[in-house]
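Got a structure here, written out as structure tokens. Questions coming.
The values are calculated or read from the model by the stated rules, or taken from the named source; none is laboratory data. Just so it is clear, the model here is predicted, and its values are computed rather than measured. Using ideal geometry, Cβ is built from the backbone for each residue, glycine included, and neighbour counts are taken over all protein chains shown. The accessibility values were calculated without ligands, DNA or RNA, using every heavy atom of the protein model including side chains. Shrake-Rupley method; radii C 1.70, N 1.55, O 1.52, S 1.80 Å.
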Amino acid sequence: MDDELLELQRQFEFAQQAKSSIRLSERNVVELIQKLQQLQFIDFELLHTVSGKEYITLDQLRNDMVAEVNKLGRISLIDLADATGVDLYYVEKLSQNIVSDHREFMLNQGEIISESYWDSIAEEINERLQECSQIALTELAAQLNVGLDLVSSVLEPRLGTMVKGRLEGGQLYTPAYVARISAMVRGAARGITVPTNLTVLWSSLQQLLQEMEGSSGVAVEGSFFQSLFNGLVKEGEILGSVRAGVHWTPANSFINYDVLHKLGIPQPIQFLQSRYPEGKPLVTTFVHPSMIEMLDAATEDAIERGSWSDSLSLLPSSFSPQDASRMLSLCQAVQLALKSNKAHIFGDVYVLGSSFVKDICDRIMKELETLSVSGSSGTMLSGDLQVATEAKVGYHSSRFSESNEVVSDSGVNRHVDKGSKKKKGKGTGNAVANVSESGPDNQDQTSTKSKKSQRRGKDTSSQTSDSKPSSRKESHKMKEDNLSTPSEEWIMQKIATLVPDFEEQGVDDPETILRPLANQLRPTIISSWMEKKKALLTQNAERTRHLLDNLQKKLDESFLNTQLYEKALELFEDDQSTSVVLHRHLLRTVAAPMVDMLLLKLDEHNKLKSGLDVQEDPNSEPVSLNPGDRVAISRNFPGTLSKKALAVAEALEGKRVDIFTDAFRMLTEESGLPLKKLDKKLERTLLHSYRKELTSQVSDETDPVSLLPKVVSLLYIQVHHKALQAPGRAISVAISRLKDKLDESAYKILTDYQTATVTLLALLSAAPGDNFESKGVSTKPNGGSQKLGLEHHTIVIDIVSQGTPISSIQASISG
């Protein structure tokens, strides 16, 4: 194989090195071509290329030029000369022949353009036209870099086929837009009842279009309005006469019966029908069908745009609401829209498109979801009704706490064993929670109705008065279940806010649109609201149970500790100032976190039970509230629960722990979370655990300042069997109370340590930036003797940290 490759390489090298026996230079070739032309062997014209190294025939040049035009669609003669490599003179000479032989080509301003190019341009123009509804030919001519007449001549044969539009006054419009503008022109012209200058009318229509479509709207020239107007007059859709092209005198398309009465015609309807059989009699007016068509077109346009229309405002001022209502019943497009549920009529004369109504409903539902997430659904309540509802809830909550029936999360009643305190406590919690959720978020659904609704209400109330007490209770329960749903008045307020056009158009009477529309939307809104609420209730059920279980455990633990610490305060009742300090310290350090936890969890529980979407807080650290926050949260609770929560918040800022514990116990019982009482057995257990924990902390403590209160608390457990929580301000008094319980050496060590600690704190607060090591002051307790350097003298004391000193104190106590 390698040998064969080597042989092939040698043969290839030989072929490359071999010299031709006959070789013609370029000059020889040129002379040969000239000789053949002289001998007329070449009897056709040959052209030199620009490079001078090639010959090309005219036929080949023609073929190359045609191929290039077919390939690009549009190309300039200069570019053709570059592409074919021939002088521009020959390209220009042949271009006339090519355009004359190929009808699909045209020569324009030094460019050859094919019909396929214009077809592709027409498709692009059509796509753009359907997007923006209007395109100016001047804009197209500038973009294509051709003349305006050429663009017009190219587009006209393609209108209706490749370009779905209408060319009018140098503008391209879509058929839908032309029909819309025609309807506006027809409606505006038919609405004119006195001679008018059409220029003023076209200016009004242009302003109306600008207001409807904004800055991005289509600019319509007055000539377009005039062209459409002339066509409508010619077709007989507008009755009247035009003078000088702009002065319009409309034919009177209506007449009031009062006018005929004044002329002495006793039966105007019969008189008019005999002379104008095509006319339509209304309540107070006789109209021509063109007016009905005008109203039909204007109303249909509003329906298709997803808007609304006031039929009375589209008619002359002499028309009554009954006339407008009658005309709507004669409008074919309006009646077809009503049958197909594309439109609704309110107040006899207001026509609202279904898409418009649906948009209002969707926006209200979106706002409801926002209120649900933020937990502010109580804004749907009126003020007086909210107070009444809270009073009801406060009354029933006390009744529920004694009931033996609870409502489970699935909504089914089940009996609870009275003998079990644990079950009874849980049952009370569920019952109170269920009552509390029907507090400020609920309202009575009483609202002002129409006369027909009032009669129905009276009939219902008379039937209810004759029913049995059980049916009254069921009716009352159903009424309470509906308290949290959006009221008709609330929906009316939202509609007025979302659609300010109602007020701007002079729709002042709420009975015309707002109330009927709110009455129609309310079932849909309530259904969607209740479905979402039901889904959230199902989703929140497990969270609610978990929340209550964890809250009960934490409350029991915290409240037992509070009771344990409270017993130590009895030792200082004879010292009023110290007692107040200890009470406030216990309220601030132990009671406040417990209250904050309860208020936050109750607030979360009420929101979950009310079907609100409460986001879980990933931060598990306890949240500290200020007094204002506690009052604000307490006021959100219903009825007596709110009052008792406010009492707890007030007691927390007081001077007595016992007052706080009483108020706190009442609040938890109202919430269905009964607390354990501290008995002797639990007290011994907690003291033992607390003593063990303190001993461990004293052994591990390295901070001399933090060590002192722990040692004092440990000594109080050993001496008085009380768990003392004392701040720094009360440590000296607490130590003095141990004088008779300790031997002199142990007491001296404790007092010296307390004095040294006070001195150290004074030095640190006086000059926190000083270097105490340079002054002989050490802050590192290591069980030995440390020197605290003062300005004029030195005190040697034993700092109690770890080891022997504490043991000596404990030994003296036990001895």
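Suppose R0 equals 51 Å; then what is the FRET efficiency for Ser355 and Leu72 from their Cβ-Cβ distance, rounded to the nearest 0.05?
0.60
Subtracting the Cα-Cα distance from 0.36 nm times the residue separation, let me have the gained length for Val259 to Thr161 in nm, one decimal.
Values: separation 98, 0.36 × 98 = 35.28 nm, distance 5.32 nm.
Extending this stretch completely gives an extra 30.0 nm.
Under a plain spin-label model, where a point goes 7 Å from the Cα along Cα-to-Cβ, how far apart in nm are Lys53 and Ser313?
8.0 nm
Moving on to the next point. Per residue, how large is the accessible surface of region 23-102? Use a 1.4 angstrom probe and give square angstrom. Please report the intermediate quantities before stating the final value.
Numbers: 5570 Å² over 80 residues.
For region 23-102, the solvent-accessible area averages 70 Å² per residue.
Another question about this same structure. What full-extension length gain, to one decimal in nm, is calculated for Arg10 and Thr284 as 0.36 nm per residue of separation minus the Cα-Cα distance?
Details: separation 274, 0.36 × 274 = 98.64 nm, distance 11.59 nm.
Value of the extension gain: 87.0 nm.
Next up: Rounded to whole Å, give me the distance from the Cα center of region 732-753 to that of region 205-282.
Cα centroid of region 732-753 versus Cα centroid of region 205-282: 109 Å apart.
If contacts are Cα pairs under 8 angstrom and at least 6 residues apart, what is the relative contact order of region 116-235 in percent?
Across region 116-235, relative contact order equals 24 percent.
Tell me, what % of the accessible area of region 116-235 is carbon and sulfur with a 1.4 angstrom probe? Each step should come with its number before you reach the end.
Values: 2940 of 5850 Å².
Here it works out to 50 percent.
Follow-up. Regarding region 23-102, what whole-number volume in Å³ per residue does the convex hull of its Cα atoms give? Can you show the working numbers first?
Details: hull volume 8.6 nm³, N = 80.
Each residue corresponds to 107 Å³ of Cα convex hull volume.
With a 1.4 Å probe and all protein chains left in place, how much of the accessible area of region 23-102 comes from carbon and sulfur atoms, in whole percent? Before the final figure, lay out the partial values.
On the way: 2710 of 5570 Å².
Looking at region 23-102 in its full context, I get 49 percent from C and S.
Ordered by residue, what ³J(HN,Hα) values in Hz, to whole numbers, does region 679-693 give under the Karplus form 6.51 cos²θ - 1.76 cosθ + 1.60, where θ = phi - 60° and Gly and Pro are x?
Working through the residues one at a time gives 9, 4, 5, 5, 5, 4, 5, 5, 4, 4, 5, 5, 5, 5, 5 Hz.
Mind giving me the FRET efficiency for Ala766 and Glu503? R0 is 60 Å, r the Cβ-Cβ distance, nearest 0.05 is fine. Don't skip to the end; give the middle numbers.
Details: r = 70 Å, r/R0 = 1.17.
Rounded to the nearest 0.05, the efficiency is 0.30.
Further question: Can you give the FRET efficiency to the nearest 0.05 for Glu367 and Ser329, using r as the Cβ-Cβ distance and R₀ = 41 Å? List each step's numbers first, then the result.
On the way: r = 36 Å, r/R0 = 0.87.
Once the sixth-power term is evaluated, E becomes 0.70.
In nm, to one decimal, how far is the Gln38 label point from the Asp703 one, both placed 7 Å along Cα→Cβ?
Going by the 7 Å Cα→Cβ label model, 12.0 nm.
Let me ask something additional. So how far apart, in nm, are the two label points at Gln130 and Asn108 if each is 7 Å from Cα heading toward Cβ?
Label at Gln130, label at Asn108, 2.4 nm between them.
Right, another one. Rounded, prolate or oblate: which fits region 254-353, taking a ≥ b ≥ c as square roots of the Cα gyration tensor eigenvalues, rounded meaning a/c under 1.5, else prolate when a/b beats b/c? Numbers along the way, then the final one.
Working: a/c = 2.86, a/b = 2.20, b/c = 1.30.
Verdict is prolate for region 254-353.
Can you tell me how much longer the chain between Arg243 and Ala179 gets when fully stretched, taken as 0.36 nm per residue apart minus their C-alpha distance, in nm with one decimal? Spell out each step's value before the answer.
Numbers: separation 64, 0.36 × 64 = 23.04 nm, distance 2.55 nm.
Length gained, Arg243 through Ala179: 20.5 nm.
Listed here are the pairs Lys234/Lys342; Lys280/Lys339; Lys601/Lys722; Lys680/Lys741; Lys607/Lys655; Lys164/Lys280; which of them are more than 29 Å apart at the Cα?
On the way: Lys234/Lys342 33 Å; Lys280/Lys339 23 Å; Lys601/Lys722 31 Å; Lys680/Lys741 24 Å; Lys607/Lys655 33 Å; Lys164/Lys280 38 Å.
Checking Cα-Cα distances, Lys234/Lys342; Lys601/Lys722; Lys607/Lys655; Lys164/Lys280 exceed 29 Å.
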